[in-house]
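Here the structure comes first, spelled out in structure tokens, and everything after it is commentary.
Each reported figure results from applying straightforward, stated rules to the coordinates on display, with no laboratory input. Everything numeric here is computed off the predicted structure, so don't read it as measured data. Cβ sites come from the backbone with ideal geometry, for glycine too, and all protein chains shown count toward neighbours.
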Amino acid sequence: METIKALNKWANVHTSIPIDLLRIGLGVFLFAKGISFMSSTQILMDLLSPFQNWAGGMLIMHYVAPAHFIGGLLIIFGLLTRWAIAAQLPILLGAIAINFAGDMQIGNLVLATATFLICIFFLVYGSGKHSADYYFKMQQ
């Protein structure tokens, strides 16, 4: 009985670590996507080709890479996480829409949808216990 109580206490203390690791993984993924889009803009232009005739196409191209790059860094550190995720949501909705407007690629659709759902989770949950937001909150 004592072992079960000890395990329950340990589990209650460490429940936020997997969620924090998921947040960090999301940030690393978005940061890597931002680097990928910045290093080869042709990939981004090819992805946005279904929307090239729309107004603001160039604005979209200049928004996606920096938003992923900066937003990914903020999410990794847990700083202004909800704001960084709110900036990612239109991009992810666009990534999902691109699959329906252009060539359907199931792998990209699943990746964009999973990333979108994880972002929705962190938009509600916040940055977690091991984050800069939590640290600054406790310093007040």
Inset, instruction - Two decimals is fine: what's Rg over Rh for the stretch 17-139, C-alpha atoms, Kirkwood radius as Rh? - result: 1.01
Legend entry - Positive-pole candidate from Ala114, Met61, Phe37, dipole of the stretch 18-134, charges at beta carbon: Ala114
Inset, instruction - Extending each Cα 7 Å along its Cβ direction at Met138 and Ser36, get the distance between those two points in nm, one decimal. - result: 3.5 nm
Inset, instruction - Note down the nm distance, to one decimal, between modelled labels 7 Å out along Cα→Cβ at Glu2 and at Ile43. - result: 5.6 nm
Inset, instruction - With label points built 7 Å along Cα→Cβ from the Cα atoms of Leu89 and Leu117, find their separation and express it in nm. - result: 1.8 nm
